[in-house]
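Quick notes on the structure that follows.
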Amino acid sequence: MGWKAAQKLIHHWKILRGDNVMVMRGKDKGETGVVKRVIRSQNRVIVEGKNLVKKHIKQGQGHEGGIFTVEAPLHVSNVQVLDPVTEKPCKIGIRYLEDGTKVRVSRGIGASESIIPRPEILKIRTTPRPTMVGPKDTPMDLVLEKTFDSKVGKGMPNL
């Protein structure tokens, strides 16, 4: 599916992957689902099981062809996050707690002003962090080596 890049990108995203949202516009209006993917370059989200379209895929080497049903992206303005207390769609605001942590809160008419927790799926890393030193990693003694001394002027280039 060839979507164009968005004219004006959203810089501060409030909808995250794994959020429970309600579709506000389109053929699935009023239905709820979970955000499967966020496409920030196009200001779009893919909601699990919503906005289904038929896609014709040509047979190729290693995969079968045919007509498949896939989820098409929705514009981010056409979905709203559900309030965790009232289970109704709400706007999202940002608030800082006493300890300085930043949290999302529900806002708007009829909203409970409760904290919307970060989805658990965001805590799972898709690629694990490397634990062993590889052949292309810089050795630790070279990392800790002092190459410049401001008092003596050692390490300054000749200008």
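Every read-out reported here was derived from the displayed coordinates using simple, explicitly stated rules and does not represent laboratory data. If you're wondering where the values come from, they're calculated on a predicted model, not measured in any experiment. Every residue, glycine as well, gets a Cβ built from its backbone with ideal geometry; the counts of neighbours run over all protein chains shown.
In the Gaussian network model of the chain, springs joining C-alpha atoms below 10 Å, which of Lys123, Lys88, Lys58 carries the largest mean-square fluctuation?
Lys58
In sequence order, what are the phi-derived ³J(HN,Hα) couplings for the stretch 79-95 according to the Karplus relation 6.51 cos²θ - 1.76 cosθ + 1.60 with θ = phi - 60°, rounded to whole Hz, with x for glycine and proline?
So the Karplus estimates, Gly and Pro as x, are 10, 9, 6, 7, 5, x, 8, 8, 6, 10, x, 8, 7, 10, x, 10, 9 Hz.
Tell me, how many Å apart are the Cα centres for the stretch 43-58 and for the stretch 114-131?
Cα centres, the stretch 43-58 to the stretch 114-131: 24 Å.
Give the longest segment of the chain that steers clear of GluC sites (Glu not before Pro) in DSSP loops with at most 13 neighbouring Cβ atoms within 10 Å, not counting the sites themselves.
No qualifying site falls inside 1-47, the longest such stretch.
Output the relative contact order of the stretch 27-152, whole-number percent, from Cα pairs under 8 angstrom with separation of 6+ residues.
The normalised contact order for the stretch 27-152 reaches 12 percent.
Let me know the volume per residue of the alpha-carbon convex hull for the stretch 86-143, in Å³.
Looking at the stretch 86-143, the number lands at 163 Å³ per residue.
Out of every Cα-Cα pair in the stretch 1-89, what percent are more than 17 Å apart?
Cα-Cα pairs in the stretch 1-89 separated by more than 17 Å: 53 percent.
If you place +1 on the Cβ of every Lys and Arg and -1 on the Cβ of every Asp and Glu, how big does the dipole about the Cα centre of the chain come out, in debye to the nearest 20?
620
Over the Cα atoms of the stretch 71-111, Rg to Rh with Kirkwood Rh, two decimal places?
Reported Rg/Rh (Cα atoms, Kirkwood Rh): 1.08.
Magnitude of the Cβ-charge dipole of the stretch 1-46, K/R +1 and D/E -1, about the Cα centre, nearest 20 debye?
Here the stretch 1-46 has a charge dipole of around 180 debye.
With semi-axes √(5λ) of the Cα gyration tensor in Å in mind, check (1) 42, 28, 16; (2) 37, 18, 16; (3) 40, 21, 16 and report the label derived from this structure.
So the calculated entry is the one marked (1).
Starting from 0 in steps of 10 Å, tell me what percent of the Cα-Cα pairs of the stretch 1-49 lands in each bin.
Distribution as computed: 25, 50, 25 percent.
Say we join alpha carbon atoms closer than 10 Å with springs in a Gaussian network model of the chain; which of Thr126, Thr138, Thr101 then has the biggest fluctuation?
Sorting by GNM fluctuation, first place goes to Thr138.
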